[in-house]
Amino acid sequence: MSAPRGQFSSNVGFLMAAAGSAVGLGNIWGFPTKAASNGGAAFVVIYLLLAFVLAYPALMAELTIGRHARRNMVQALREISTGPVSRFFANLTGFGGILIASLILSFYAIVAGWMVAHLAEPFATLIGASSTADWLTSSSTARNMTFTAIFSGLTMLIIASGVEKGIERWSTLLMPSLIILLLLLIMYVLTQPGAIIGLQVYLMPDFSQVSPELLLSAMGQAFFSLSLGVGTMLIYGSYLSQQESLPRLGVLVTLIDVGIAFTAGLLILPAMYVAQEAGTQIFADDGSLIAGPGLILQVLPALFDSMGTIGLVVALAFFALMTIASLTSSISMLEVPVAFSIENLKLPRRSATLLVGLIIFAISSVIIFNFDALFGLVISISTEYGQPLLGVSLCIFAGWIWRRDQLLQELRKGHENIEQTLFWKIWPWYVRVVCPLLILAAFVQTLL
Ligand code: TRP
């Protein structure tokens, strides 16, 4: 009774969806602020390096396993397992991925809810509802619950419509709008006083700040930004047709992700210094640049306020950008547990979406009601521990457990001469040895 499996209708559809997953709050908010507080261009260079030498190979592992098995991560890893031990690890990794993807979505939906609330604010201001506008932009449990619910509802609506009509259609619509909004905002901000100082901070390398912590932070950023470890890219790979060359698509997704992160820096950093020029405090008391929620939710709104009426339009464009980026990412997280429920529990897509969506919303609610205790904790457990450990396991599956001839056969589809390429000469031993060791080394460091 299982329905025919969904599939992306073209490689452009897959690209939009995979790039949409990768491009999110991590790019537009996480990357620029980490770069600003970690030596500017020094961080940018190291991040670029890590994205290609570490994240890209891990991305390829997920895409290849996914397209080969045409199943969710639990089922896919079981299928390439060769004995009881690897089967045990297949279950552990598969269910671990579902859990971590759900936890990531549970906090991501809260932050994305803030973006939606700020998107609504200019409308409230325009119609003169100033107390509503205040409510929308000040933190409260009621506001957080309302907008997390709205954002989660939107995510569920898209996922309930399936791969082609939901994920692909909305990503193909939203990704180009995101790029246009981003470019328009950059053009505007760069004409404002103070913008050039921001550009300098962003683009002048200060290599004295390169430290083990910086490497770790850049690695975590690369993993989060490419949506790795939890089976998001694996499931998107499983919806990909066999006519496409995986190594090539993987490079494109990495390039788009890194490109948009870098471009977002050209907006965020100049905007911060424009805000300073306009009288907003952008350094915390200890002299560090304000980077956390304070940046997006205080510094930039203060800047928009100081611009008068045009500020309303700019605020609208900015928070629309953030909402769109969040939505194309959140759907890719929800698809992980939903695909499992459809394929392994045999639920229809709509019921699976409703059930899983409500469970994750319940987790978000627990976090909202215990915000100070749980918010940071869930982020750290899922992104600093969960994602890298699952990443190691996936590399081990691709490099050690999966039969090499099957791996080659899969990569040959859509790329006939793969054996003659540099990719095939380097990547197999690379995911086998280098990736797991690099990730583990960085990970052990956090524990020390
Ligand atoms: N990559 C997205 C961002 O940069 C977030 C994201 C989407 C993600 N899917 C994921 C992170 C899966 C980890 C795992 O915002």
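The values are calculated or read from the model by the stated rules, or taken from the named source; none is laboratory data. Predicted model, so just to flag it, every value in this text is computed and none were measured. Cβ sites come from the backbone with ideal geometry, for glycine too, and all protein chains shown count toward neighbours. Accessible surface areas use protein heavy atoms only, side chains included; no ligands, DNA or RNA. Shrake-Rupley method; radii C 1.70, N 1.55, O 1.52, S 1.80 Å.
Can you show me the helix-derived [θ] at 222 nm for the chain, built from DSSP H runs with n ≥ 4 at -39,500 (n - 2.57) apiece and divided by the number of residues, rounded to the nearest 500.
Values: 21 runs with 318 residues, N = 448.
Calculated at 222 nm, the ellipticity per residue is -23500 deg cm²/dmol.
Taking the solvent-accessible surface of protein heavy atoms with a 1.4 Å probe, what is the per residue accessible area of the chain in Å²? Walk me through the intermediate numbers first.
On the way: 17910 Å² over 448 residues.
Using a 1.4 Å probe on heavy atoms only, each residue of the chain averages 40 Å².
Once the convex hull of the alpha carbons of segment 291-371 is built, what does its volume come to per residue, in cubic angstrom?
On the way: hull volume 9.8 nm³, N = 81.
Spelled out: Cα convex hull of segment 291-371, divided by residues, is 121 Å³.
Which loop-located GluC sites (Glu not before Pro) does segment 329-422 contain, where loop means any DSSP state but H, G, I, E or B and the Cβ has at most 10 other Cβ atoms within 10 Å? Kindly include the intermediate steps, with their values, before the conclusion.
Values: sites: 335, 343, 384, 410, 416, 419; in loops: 416.
Sparse-neighbourhood loop GluC sites (Glu not before Pro): 416.
Would you list which aspartates and glutamates come within 15 Å of residue 413, measuring only between C-alpha atoms, while excluding same-chain residues fewer than 8 positions from it?
Filter leaves 244, 405.
Which one of 422, 240, 215 has the biggest mean-square fluctuation once the chain is modelled by GNM with Cα springs under 10 Å?
Checking each option, the largest mean-square fluctuation is seen for 422.
Pop a pseudo-label 7 angstrom from the Cα along the beta-carbon direction at both residue 346 and residue 53 and give the gap in nm to one decimal.
5.0
Counting each pair of different Cα atoms once, what's the Kirkwood radius of segment 92-243 in Å, rounded to one decimal?
Numbers: mean 1/r = 0.0517 Å⁻¹.
For segment 92-243, inverting the mean 1/r across all distinct Cα pairs yields 19.3 Å.
Run the numbers for residue 252 and residue 409: contour at 0.36 nm per residue of separation, minus the present Cα-Cα distance, in nm. Walk me through the intermediate numbers first.
On the way: separation 157, 0.36 × 157 = 56.52 nm, distance 2.17 nm.
Extra length available between residue 252 and residue 409 comes to 54.4 nm.
Between residue 283 and residue 429, with labels modelled 7 Å along Cα→Cβ, what's the label distance in nm to one decimal, could you check?
It works out to 5.0 nm between the two label points.
Under 23 Å Cα-Cα from residue 346, which lysines qualify once same-chain neighbours fewer than 8 residues away are excluded?
Correct list for residue 346: 165.
Would you compute, for the Cα atoms of the chain, the largest minus smallest coordinate along each principal axis and list the three values in descending order, in whole Å?
So the extents along the principal axes, rounded to whole Å, are 63, 50, 41.
What dipole magnitude, in Debye to the nearest 20, does segment 11-447 give about its Cα centre under +1 on Lys/Arg Cβ and -1 on Asp/Glu Cβ?
Dipole magnitude for segment 11-447 comes out near 1420 debye.
Per the 1.4 Å probe, what fraction of the accessible area of the chain, in percent, lies on carbon and sulfur atoms?
Details: 12140 of 17910 Å².
C and S fraction of accessible area: 68 percent.
Would you work out which of 26, 396, 218 lies farthest towards the positive end of the dipole of segment 11-447, given +1 charges on the beta-carbon of Lys and Arg and -1 on that of Asp and Glu, about the Cα centre?
About the Cα centre, the residue reaching furthest to the positive side is 396.
Name the helices (complete DSSP H segments) of the chain with a Cα length along the long axis of 24 Å or more and a Kyte-Doolittle mean of at least -1.0, or state none.
84-126, 141-160, 169-190, 246-277, 309-343, 349-369
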